[in-house]
1. Show me 49-58, 223-232, 333-342, 83-92 ranked by packing, highest mean number of other Cβ atoms within 10 Å first.
2. Whole Å is fine, so just give me how far the alpha carbon centre of region 313-331 lies from that of region 230-305.
3. So which residue, out of Gly142, Gly78, Gly70, gets the largest mean-square fluctuation from a GNM of the chain using Cα contacts under 10 Å as springs?
4. Could you state the accessible area per residue of the chain in Å², with a 1.4 Å probe and every protein chain left in place?
5. Can you give me the % of accessible surface on region 283-350 that is carbon or sulfur? Probe 1.4 Å, all protein chains present, nothing else counted.
6. Where does the chain land at 222 nm, in deg cm²/dmol rounded to the nearest 500, when only DSSP H runs of n ≥ 4 count, each adding -39500 (n - 2.57), divided by all residues?
7. Which of the helices in the chain, when you take each full DSSP H run, stretch at least 27 Å along the axis at their Cα atoms and have an average Kyte-Doolittle score of -1.0 or higher?
8. For the chain, with a Gaussian network of springs between Cα atoms less than 10 Å apart, report the residue from Leu233, Leu23, Leu47 with the top mean-square fluctuation.
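The values are calculated or read from the model by the stated rules, or taken from the named source; none is laboratory data. Nothing here was measured: the structure is a model prediction, and the numbers come from that model. Please note: Cβ atoms are built from the backbone with ideal geometry, for glycine as well, and neighbour counts cover all protein chains shown. Side chains are part of the model used for accessible areas, which takes the heavy atoms of the whole protein and leaves out ligands, DNA and RNA. Shrake-Rupley method; radii C 1.70, N 1.55, O 1.52, S 1.80 Å.
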Amino acid sequence: MEKLRKMVNQIAYTPPQERFYTLSALQLSLIPLLSLASTLYGFALPLRHRLYQLGLLHTDRLPVPVISVGNLTWGGNGKTPMVEFLALWLAAAGISPLILTRGYGGADEAKMLQRHLYGTPVKIGVGANRAVTAASFLKRYGHISPCKHGNTDLGRLFSDNKKGNSSCCDQIGVAILDDGMQISEKDVEAIASEMRTVKNSLPIFLSRLAPLYFLKARNMSHKLALMDICSTLVLCVSAIGSAESFVETIKKLGPTYVDRLDFSDHHLFQAKDIDMIRMRLRNLQSDFAMKPIVVVTEKDYDRAPEVLTYLDPYEVLVLCSCLQILPHKGSTEETFKKCLWQHLEVSCKV
């Protein structure tokens with residue numbers, strides 16, 4: 001199953017014009033079947049939407065505004081960092097947000113959020129049925145309109161305050177839905193063009209994951225600078241939707257050589273996986289006559305922190321990153337926050 005997932009993942013991320021000389025014969029034989037499945041999905045999705053519109057399928061409406069964070073490509077696109085970015089901003093504005101996440105693959109995303117947001121008024125609900133999870137939190141903490149309790153001082157509301165507001169009400173003001181939607185992969189300009197056919201004035205913002213520092217897996221309180229892996233031998237191990245950006249980020253930090261082992265998204269590491277990683281590390285050490293280090297993402301660490309300790313005597317580093325809104329055609333982080341706040345104000349009046 002793991003091999004099949006890897007093959008499908010490679011097909012998804014290989015441009016059509018490169019498939020015939022990049023993919024194996026088996027992968028090429030899977031493309032018609034995957035195309036058929038995609039076509040059926042394309043028919044089923046609008047039908048499902050229509051059933052909701054007709055009231056034939058049940059919908060749940062929360063008493064607070066909901067921000068849905070999804071992705072326009074297949075995984076690994078910074079959904080969780082965006083969720084964290086929004087939660088910290090709302091907390092800084094005096095609004096207590098509730099993050100609703102399904103908790104896939106050992107709840108790695110929830111664990112990472114809990115570590116990053118510890119000490120803030122942000123609440124995190126984990127469960128496959130997010131409506132039920134939300135109802136439980138709303139019953140426990142109550143709710144309040146974010147426009148009634150939030151910080152209306154725009155100068156402070158749009159400041160770069162990451163610590164949260166000490167006067168934040170414990171009642172929930174906004175729900176943040178993690179992993180709300182997914183569609184097929186397209187390049188950024190094509191996505192922007194398609195969005196504008198729906199609404200020409202639709203604001204579009206770009207973001208990126210910026211690397212901050214490394215943590216030692218054996219001692220997560222020990223920080224290392226990004227430059228500390230310069231001139232080292234690195235093995236990137238990841239189980240995320242798309243490992244390309246992760247690997248490219250590590251390469252830009254200046255290691256002598258970067259190797260990689262990719263697993264399927266949310267993969268739970270087993271003993272055989274650790275053996276495979278160990279074998280790759282020994283081969284690298286033999287080929288380069290230097291001891292390699294392992295670099296993983298925070299999600300991979302949080303999914304199975306105890307498993308990674310079995311890689312002794314090799315060092316395991318955890319890459320920590322944050323989301324940044326990029327200036328693009330007049331759009332900035334400040335205009336992004338203002339746009340979001342305007343939508344929250346509108347939803348409060350509904």
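1. Highest-to-lowest ranking by the protection proxy: 83-92, 333-342, 223-232, 49-58.
2. Distance between centres, Cα-based: 17 Å.
3. Most flexible of the set in this elastic network: Gly142.
4. 55
5. 55
6. -13500 deg cm²/dmol, from helical runs alone.
7. Helices passing the filter in the chain: 25-53.
8. Result: Leu47 has the largest fluctuation of those listed.
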